[in-house]
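One structure is given here, and the rest of the page talks about it.
The values are calculated or read from the model by the stated rules, or taken from the named source; none is laboratory data. Just so it is clear, the structure is predicted and the values come from calculations on it, not from any experiment. No Cβ is skipped: glycine too gets one built from the backbone with ideal geometry, and neighbour counts run over all protein chains shown. Each accessible area value is taken on the protein alone, full model and side chains, heavy atoms only, with ligands, DNA and RNA left out. Shrake-Rupley method; radii C 1.70, N 1.55, O 1.52, S 1.80 Å.
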Amino acid sequence: MSSLPPPPFALTVRAAGPRTVRFLVSGALDHQSAGELTSGAERVLARRPALTDLHLDFGRLTLCDSMGLSALLMVHRRAAEAGTRLPLDRRPFFLERLLVLTCTLDHLTAPPARQHRQAQTPQGPLKTGKARKTGKAGEG
């Protein structure tokens with residue numbers, strides 16, 4: 001009985017709308033391919049500053065090791081800095097389990113910080129400005 005070699009890593013980039021890009025991730029996301037995902041995301045984020053969504057579609061992912069997880073965390077950081085959402089679509093069971101076991105699932109699937117604050121505030125976005133003094137007149 002012989003085992004087949006794993007499929008090669010492939011990253012296909014497709015525009016899914018004027019402010020949305022989809023990365024189709026195939027094969028093994030590991031120490032050999034992690035840099036390709038990271039650099040690809042950095043290029044797209046730099047070239048499209050108005051991007052609102054960068055979808056990572058893992059429907060054909062076959063493996064994700066610690067370097068693959070590190071790449072996901074780096075892509076998440078870069079997307080958050082750009083204010084871009086990073087949906088992780090069609091996650092296979094093994095990726096979901098890796099993210100749960102490493103306590104990174106909530107971190108990677110949370111909206112960017114500024115959107116998260118708005119979602120948490122029933123009145124809308126948090127307002128920034130000078131704090132008002134409260135208290136009785138004459139206190140100071």
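Quick rundown of the values:
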quantity	calculated
GLU36 surrounded by fewer than 19 Cβ atoms within 10 Å (Cβ to Cβ) and touching a helix residue (DSSP H, G or I) at 6+ places or on another chain (Cβ under 7 Å)	no
Only one of ARG60, ARG47 that is at pLDDT 95 or above, open to solvent by 60 Å² or more (accessible area, probe 1.4 Å), more than 19 Å from LEU88 (Cβ to Cβ) and among the basic types (Lys, Arg)	ARG47
Scan of the stretch 74-84 for residues that are in contact with a helix residue (DSSP H, G or I) (Cβ under 7 Å, 6 or more places away or on another chain) and either surrounded by fewer than 17 Cβ atoms within 10 Å (Cβ to Cβ) or not polar (S, T, N, Q) (or both), ordered by number	MET74, VAL75, HIS76, ARG78, ALA79, ALA80, ALA82, GLY83
